[in-house]
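Shown next, in structure tokens, is the structure this report addresses.
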Amino acid sequence: MPEGPGPFPGMLVIHGGGWSARRPSDMAAIAKALARRGYVALNVTYRLAPEHLYPAAVDDVREALHWARAEASRLKLDPARVGAWGYSAGAHLAAMLGVADGEDLGDRVTAVVAGGTPADFEMYPKSPIITPFMGRTFAEAPEEWRAASPVNHATPDDAAFFLYHGTKDVLVEPAQAERMAAALAKAGVRHQVFWQKGRGHVTAFVFDGAAVRAALTFLDSVLRAPLTAGASGLN
């Protein structure tokens, strides 16, 4: 948490791990970078698959958003300026907070930073990682898989998105970022794509310095700029 009276912009920070593993400490460096920049960073945990199937993890991060806004005064947080930052599975969850597709705008963040984002599950209909998260195969539940894919929910009033992705990622292919960017562009949503040249899925996370710096600059332009009417996600 930054020093001073606030209120400050805030960021939910969401770890990856295939929706089934890892821990919030994986995102500690990013949380600290945000705090140094003047953001209240909230490192979020969520229920893991396969014990807890979709939409449990999405529900959990959305509840974390509700909690942060309810506790805004104590956290020195501006409830109208809250974003989400995640990597891999965490990026998927962050992205789901940035798109609403008809849901209550209070369930949505104002900005998203998403790295190595699995945005379109339909690209991987036999995925051994997505299937345990969903609980059923794509063949068994195609509409549920599509509903769990942020690429299918882009609307004009979505959060601003910063996507970063390794050009050599073979686990979550660069086409995922391209598809998400195309969906956002079609909806007229502000977004930026930062390509990490030569990086794979893991190395794009471990060696993320340039992407983090660019993401912080993007966040500053969104969450530190004066909000226009209707842009808070609280109307």
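Among the candidates GLY4, GLY17, the residue that is under 25 Å from ALA211 (Cα atoms), of a type in the set (Gly, Ala, Ser) and surrounded by fewer than 18 Cβ atoms within 10 Å (Cβ to Cβ) is uniquely GLY17. With a requirement of 1 or more residues that are farther than 23 Å from HIS165 by Cα, the helices (runs of 4 or more DSSP H) lying completely within segment 35-99 that satisfy it span 56-70, 72-75. Against the definition (more than 14 Å from the chain's Cα centre (by Cα), outside any helix (DSSP H, G or I), surrounded by fewer than 21 Cβ atoms within 10 Å (Cβ to Cβ) and basic (Lys, Arg)), how does LYS186 come out, yes or no? Taking the combined requirement at face value, the residue does not satisfy it. State whether the residues of segment 173-183 include one that is within 18 Å of HIS92 (Cβ to Cβ), more than 16 Å from the chain's Cα centre (by Cα) and part of a loop (DSSP other than H, G, I, E, B). Within segment 173-183, one or more residues are within 18 Å of HIS92 (Cβ to Cβ), more than 16 Å from the chain's Cα centre (by Cα) and part of a loop (DSSP other than H, G, I, E, B). Give the residues of segment 160-170 that are touching a residue at least 60 places away in the same chain (Cβ under 8 Å) and either within 19 Å of GLY18 (Cβ to Cβ) or surrounded by fewer than 24 Cβ atoms within 10 Å (Cβ to Cβ) (or both), sorted by residue number. Selection gives ALA160 alone. Take the residues in segment 11-29 that are within 13 Å of the chain's Cα centre (by Cα) and outside any loop (DSSP other than H, G, I, E, B); name whichever of them is nearest to MET1 (Cα to Cα). Restricting to residues being within 13 Å of the chain's Cα centre (by Cα) and outside any loop (DSSP other than H, G, I, E, B), the top hit is MET11. Residue pairs whose Cβ atoms lie under 7 Å apart, separated by 6 or more positions or on different chains, with the first residue in segment 103-118 and closer than 18 Å to MET180 by Cβ and the second modelled with pLDDT under 95, are ARG108/ALA100; ARG108/GLY233; VAL109/GLY233; THR110/ALA231; THR110/SER232; THR110/GLY233.
Farther than 15 Å from HIS92 by Cα, out of contact with any strand residue (DSSP E or B) (no Cβ under 7 Å at 6 or more places or on another chain), in contact (Cβ under 8 Å) with a residue 24 or more places away in the chain and not in a strand (DSSP E or B), is that true of PRO156? Yes. Checked against (1) in contact (Cβ under 8 Å) with a residue 40 or more places away in the chain; (2) of a type outside the set (Val, Ile, Thr); (3) surrounded by 18 or more Cβ atoms within 10 Å (Cβ to Cβ), MET123 meets all criteria but (3).
Just to be sure, is LEU34 farther than 18 Å from ASN152 by Cβ, touching a Phe, Trp or Tyr at 6+ places or on another chain (Cβ under 9 Å) and of a type outside the set (Ser, Thr, Tyr)?
Values: farther than 18 Å from ASN152 by Cβ: yes; touching a Phe, Trp or Tyr at 6+ places or on another chain (Cβ under 9 Å): yes; of a type outside the set (Ser, Thr, Tyr): yes.
So LEU34 fits the description; yes.
One residue stands out among those in segment 126-159 that are of a type in the set (Ser, Thr, Tyr) and under 17 Å from the mean Cα position of the chain (by Cα): the one that is surrounded by the fewest Cβ atoms within 10 Å (Cβ to Cβ), which is THR155.
Being in contact with a Leu (Cβ under 9 Å, 6 or more places away or on another chain), surrounded by fewer than 16 Cβ atoms within 10 Å (Cβ to Cβ) and on the phi < 0 side of the Ramachandran plot is true for just one of GLU71, GLU63. Which residue is that? If you could, list the steps in order and put the result at the bottom.
Numbers: GLU63 fails: in contact with a Leu (Cβ under 9 Å, 6 or more places away or on another chain).
That would be GLU71, the only listed residue that is in contact with a Leu (Cβ under 9 Å, 6 or more places away or on another chain), surrounded by fewer than 16 Cβ atoms within 10 Å (Cβ to Cβ) and on the phi < 0 side of the Ramachandran plot.
Taking GLY102 as the residue in question, decide whether it is in a loop (DSSP other than H, G, I, E, B) and modelled with pLDDT under 95. Judged against the criteria, GLY102 is a match. Conditions first: (1) in contact with a Lys or Arg (Cβ under 7 Å, 6 or more places away or on another chain); (2) surrounded by fewer than 19 Cβ atoms within 10 Å (Cβ to Cβ). LEU97 passes all but one, so which condition is the exception? (2) is the only condition that LEU97 fails.
For segment 203-224, filtering for residues that are assigned to a helix (DSSP H, G or I) and without any contact (Cβ under 8 Å) to a residue 24 or more places away in the chain leaves 6.
With respect to the stated conditions, ALA215 is at pLDDT 95 or above, over 30 Å from GLU143 (Cα atoms) and buried (at least 21 other Cβ atoms within 10 Å of the Cβ).
The values are calculated or read from the model by the stated rules, or taken from the named source; none is laboratory data. Worth saying up front: this structure is predicted, and the values here are computed from it rather than measured. In this analysis, Cβ positions are derived from the backbone assuming ideal geometry, glycine residues included, and neighbour counts consider all displayed protein chains.
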